[in-house]
Amino acid sequence: VLKTKPTQLFDYLSQNNWIYKRNGSGPWIGYQDKVSSGLIRHSEHSIEDSEGNVMRVVPRVRITPKGLTKLGMVFGNNNNNNQPVGV
């Protein structure tokens, strides 16, 4: 949808205060203002062992349709080199 590489997208989201990692490692977490404004949401993902027992639950960040619309303005289709153009 955004026609950009995942690393470029995550770099943008991190550098522009959409997401972060606690202590620099672990799963991505969304900044509360982006969650409150409906741009991203959190979901939970269960990590299971080979027998199907839940070993731990980790958060996942999901970009909402509203967030995709905003990012679409940043990584616009008229931007041929798929570099962020700023909002």
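The values are calculated or read from the model by the stated rules, or taken from the named source; none is laboratory data. Predicted model, so just to flag it, every value in this text is computed and none were measured. Heads up, the Cβs are rebuilt from the backbone with ideal geometry, glycines too, and the neighbour counts pull from every protein chain shown. The protein model used for the area step is the full one, side chains on, heavy atoms only, and it has no ligands, DNA or RNA in it. Shrake-Rupley method; radii C 1.70, N 1.55, O 1.52, S 1.80 Å.
Of all residues in segment 59-87, those satisfying the criterion of being of a type in the set (A, V, I, L, M) and at pLDDT 85 or above are VAL61, ILE63, LEU68, LEU71, MET73, VAL74.
Quick check: is even one residue across segment 28-40 touching a residue at least 40 places away in the same chain (Cβ under 8 Å), part of a strand (DSSP E or B), among the hydrophobic types (A, V, I, L, M, F, W, C) and out of contact with any Leu (no Cβ under 7 Å at 6 or more places or on another chain)? No, that holds for no residue. In segment 2-55, of all residues being within 18 Å of PHE75 (Cβ to Cβ) and hydroxyl-bearing (Ser, Thr, Tyr), the one that is most open to solvent (accessible area, probe 1.4 Å) corresponds to THR7. Screening segment 45-70 for residues that are in a strand (DSSP E or B) and touching a Lys or Arg at 6+ places or on another chain (Cβ under 7 Å) and picking the one that is farthest from TYR12 (Cα to Cα) gives ILE47.
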